[in-house]
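Everything on this sheet refers to the single structure shown next.
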Amino acid sequence: MKILFIISFLFSSVIHANNLATVQKTLIEMKYFTAAGYLKSMLKSGKSSKKLAFLMNKTLPYSGIYPFLDIPLKRLVKLKSYSNINYLIGKKYFFLKKDKQAMTYFNKVRENTPFYPATLLHLSSLYEIVGNKGKALMFSKKCRYFSKKNKFVTPIFNKEVADINREYIYDLCEVLPARLSYKDNKVKESKKRFEKINHASYQFPAILFNSSWVHFRLKDYPRAVGQNLTFQAPLLEDYLYPETELVKTLSYVRLCQYDEAVNIIKNYQGRIKGEVEKFIKRFGLKNAKAEHAFMKLFFDKKLKKKIGNNFIYKMFRVLKRNPAILTLNAYQKRLKVERKKIKNKAEFRAYKKSLESFVKFYNTYVKVKFVKYSDEVIRVSNILTEVEVDIYTFLKEKYYEQKKNNEKDKEAQKFYIAGVSRKSNQHLWNFHGEFWADELGYYVPKLENRCGRKKK
C-alpha cells in the first residue's frame, strides 16, 4: 500500500511538472489565456507549488484576474505571496464585501505591479468605508502619485486603454478628499476641492452632480439647479443620474416654486421610472437565474430597436465609454488574437476555460451595473413620491389657513391653490444646441425665491 502511494505521488509530481512546463511554453508563445486555463485546472485539482505561483504571477498582468475569479479562496491563499496574486485575492474579498480581509491582501501588493494604482484606489475607498479618514486620505494621495508615475497599468498590452485607465484611477482618487469633506460637514472646503478637479476628467459628470448637493447645502439653490440643468447640454445629454431630479425638485421646493417641483416629479415618474420598469421586465434584471448575454448588447448594431431610442439606450452609450468596459473590451480583443494561435485540442480546452470565465464576468459586471441603476431609479422615485405628497399637504394647509383668515381674498386663494406659477417671461431654457462648452458646470438660472412674497 505504501509503495502504491509513493508511485502515485511520484506520477502525480511528474504530471504536475509537465503541466508547468506546458504553461511556461505557452507564456513564451504569448498565449496568456491558454496558460491561465492550464493553471486554473491545476488549482481546481488542488495542486500548489512555488513554481505554479510564480507562473501565475507572471500570467495575471496579461490575462487579467477574470480567469481565476471562480477559484476557491482557500486554494488561492495557499499560494506563495506574490503581489499580483495578492491583488486577485483582495479583489475576490472586495467582491464578497469582506472589507477587512480585502484590506489585508491589498496591503500586501507592492508598487512593482501594474495592479498597484488600482490597489491604492481600493484601499482609499475601503478605509473611507470603515471610517479611517486619515488612511483614506493617505492612500488617496499615494493613488494620485502612483497612477501618474506607474509605467505599467493594466491592461499592459494596450497603451491607449491603459492610459485611460490610469487617468480614471487618478480622477476617482482625486474626488475622495472632496467627498470626505462633505461627509464631515465641511461643505465650503468640499466646494473648493470639487472646483479644483479638471473638467476634462471622465468623472466630470459625476462631479457636476455631486457638487450640486454642496451648493444645495450652502443654500445656493439656483446654482444647485443649474449644475443639474447642465445635463441638458448636448455634450452631456446621454448622462442621467436619478438624484439630479431630486436635487432640482428640493431646490424648487426651498424656493417655494411648487409647480416646477411637481412638474419634475411627474416627468420622472412617467418617463424615467416607466422606461426602467419595462427594461427590468424585458431583460430579467431581477431574475437571478437569467443569463442574458449583456456583453453582446455592446456590440449589437440593432440595440436601438431592441430597447428604443430612450434614455436607457443613452445609458448604454455612457457605459460603453466607461474605462472598465474599455478594459474588458481590450481583453476581449486579446482573446480573439490568441484564438488564432491555438495549435491543438489540449490548448483549446485550456483557452476555453479562460474564455468562459471572462464572458461570465463581463455579463455579470454589466448586469450588476444595470441592477444598481434600476434600484437607484426606484429609490429616488419613492423619495419623490413622498416629496409630492408633502407639497400637496403643505399647500392644502396653507390654502385652508388663508381661507379661514380672509374668505373674501380671492387673489390669495388663487395663489395658494396654484402653489405659485412662474411668470410668463420666466423660462428654463432647453438648450437646443445653444450651450457653450465653457459654460458646463457654471450655468446658473435666474430663479425667484417666492417664499417671502407678500399677498396683494
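The values are calculated or read from the model by the stated rules, or taken from the named source; none is laboratory data. Values in this document were obtained by computation on a predicted structure and should not be read as measured data. When we count neighbours, we look across all protein chains shown, and the Cβ atoms used for this are built from the backbone with ideal geometry, even at glycine.
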Enumeration of residues in the stretch 260-300 that are more than 23 Å from Tyr239 (Cβ to Cβ) and either among the acidic types (Asp, Glu) or loosely packed, with under 14 Cβ neighbours inside 10 Å (or both): Lys281, Gly284, Lys286, Asn287, Ala288, Lys289, Ala290, Glu291, Ala293, Lys296
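Examine the stretch 217-226 for a residue that is assigned to a helix (DSSP H, G or I), modelled with pLDDT under 85 and over 25 Å from Lys372 (Cα atoms), and state whether such a residue exists.
Looking through the stretch 217-226, none of the residues is assigned to a helix (DSSP H, G or I), modelled with pLDDT under 85 and over 25 Å from Lys372 (Cα atoms).
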Mind checking whether some residue in the stretch 135-148 is modelled with pLDDT of 90 or more, more than 22 Å from Lys320 (Cβ to Cβ) and in a loop (DSSP other than H, G, I, E, B)? no
Here is a list of conditions, (1) part of a helix (DSSP H, G or I); (2) of a type outside the set (A, V, I, L, M); (3) touching a helix residue (DSSP H, G or I) at 6+ places or on another chain (Cβ under 6 Å), and Trp213 meets all of them except one; can you say which number that is? (3)
Residue list for the stretch 119-150, filter: among the small types (Gly, Ala, Ser), within 18 Å of the chain's Cα centre (by Cα) and surrounded by fewer than 24 Cβ atoms within 10 Å (Cβ to Cβ): Ser125
Any idea how many residues of the stretch 215-242 are touching a residue at least 40 places away in the same chain (Cβ under 8 Å), within 25 Å of Lys186 (Cα to Cα) and surrounded by fewer than 19 Cβ atoms within 10 Å (Cβ to Cβ)? 1
State which residue pairs qualify: first residue farther than 19 Å from Lys133 by Cβ and inside the stretch 186-197, second residue surrounded by 14 or more Cβ atoms within 10 Å (Cβ to Cβ) in any location, beta carbons under 7 Å apart, and separation of 6 or more residues or different chains. Ile197/Glu174; Ile197/Val175; Ile197/Ile207
Within the set of pairs 6+ apart or on separate chains, which have a first residue in the stretch 147-166 that is under 18 Å from His122 (Cβ atoms), a second that is loosely packed, with under 13 Cβ neighbours inside 10 Å and modelled with pLDDT of 90 or more, and C-beta atoms under 8 Å apart? Val153/Asp163
Quick check: anything in the stretch 339-347 basic (Lys, Arg) and touching a residue at least 60 places away in the same chain (Cβ under 8 Å)? yes
What is the residue count in the stretch 356-397 for residues that are among the polar types (S, T, N, Q) and more than 18 Å from the chain's Cα centre (by Cα)? 5
Segments classed as helices (runs of 4 or more DSSP H), wholly inside the stretch 32-84, with at least 3 members that are surrounded by fewer than 20 Cβ atoms within 10 Å (Cβ to Cβ) and not aliphatic (A, V, I, L, M): 50-63
Would you check if Arg334 is among the basic types (Lys, Arg), in a helix (DSSP H, G or I), at pLDDT 85 or above and crowded, with 17+ Cβ neighbours inside 10 Å? yes
Examine the stretch 277-293 for a residue that is among the acidic types (Asp, Glu), assigned to a helix (DSSP H, G or I) and more than 30 Å from Glu388 (Cα to Cα), and state whether such a residue exists. no
Report, by residue number, each residue of the stretch 93-114 that is in a helix (DSSP H, G or I) and out of contact with any helix residue (DSSP H, G or I) (no Cβ under 6 Å at 6 or more places or on another chain). Phe95, Lys100, Thr104
Within the group Ile169, Ile164, which residue is out of contact with any Cys (no Cβ under 7 Å at 6 or more places or on another chain), assigned to a helix (DSSP H, G or I), surrounded by 15 or more Cβ atoms within 10 Å (Cβ to Cβ) and of a type outside the set (Phe, Trp, Tyr)? Ile164
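For every residue, the table says whether it meets (1) among the hydrophobic types (A, V, I, L, M, F, W, C); (2) under 11 Å from Pro117 (Cβ atoms); (3) touching a helix residue (DSSP H, G or I) at 6+ places or on another chain (Cβ under 9 Å).
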site: Cys143; (1), (2), (3): yes, yes, yes
site: Glu167; (1), (2), (3): no, yes, yes
site: Tyr170; (1), (2), (3): no, yes, yes
site: Val175; (1), (2), (3): yes, no, yes
site: Lys186; (1), (2), (3): no, no, yes
site: Lys192; (1), (2), (3): no, no, yes
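Listed here are the residues, each with its yes/no results for (1) modelled with pLDDT of 90 or more; (2) within 20 Å of Lys343 (Cβ to Cβ); (3) in contact with a Ser or Thr (Cβ under 7 Å, 6 or more places away or on another chain).
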{"residue": "Leu20", "(1), (2), (3)": "no, yes, no"}
{"residue": "Gln24", "(1), (2), (3)": "yes, yes, no"}
{"residue": "Gly37", "(1), (2), (3)": "yes, yes, yes"}
{"residue": "Ser49", "(1), (2), (3)": "no, no, no"}
{"residue": "Met56", "(1), (2), (3)": "yes, no, no"}
{"residue": "Ser63", "(1), (2), (3)": "yes, yes, yes"}
{"residue": "Tyr66", "(1), (2), (3)": "yes, no, yes"}
{"residue": "Leu69", "(1), (2), (3)": "yes, no, yes"}
Looking at (1) more than 21 Å from Lys100 (Cβ to Cβ); (2) over 17 Å from the mean Cα position of the chain (by Cα); (3) hydrophobic (A, V, I, L, M, F, W, C), find the lone condition where Ile164 falls short. (2)
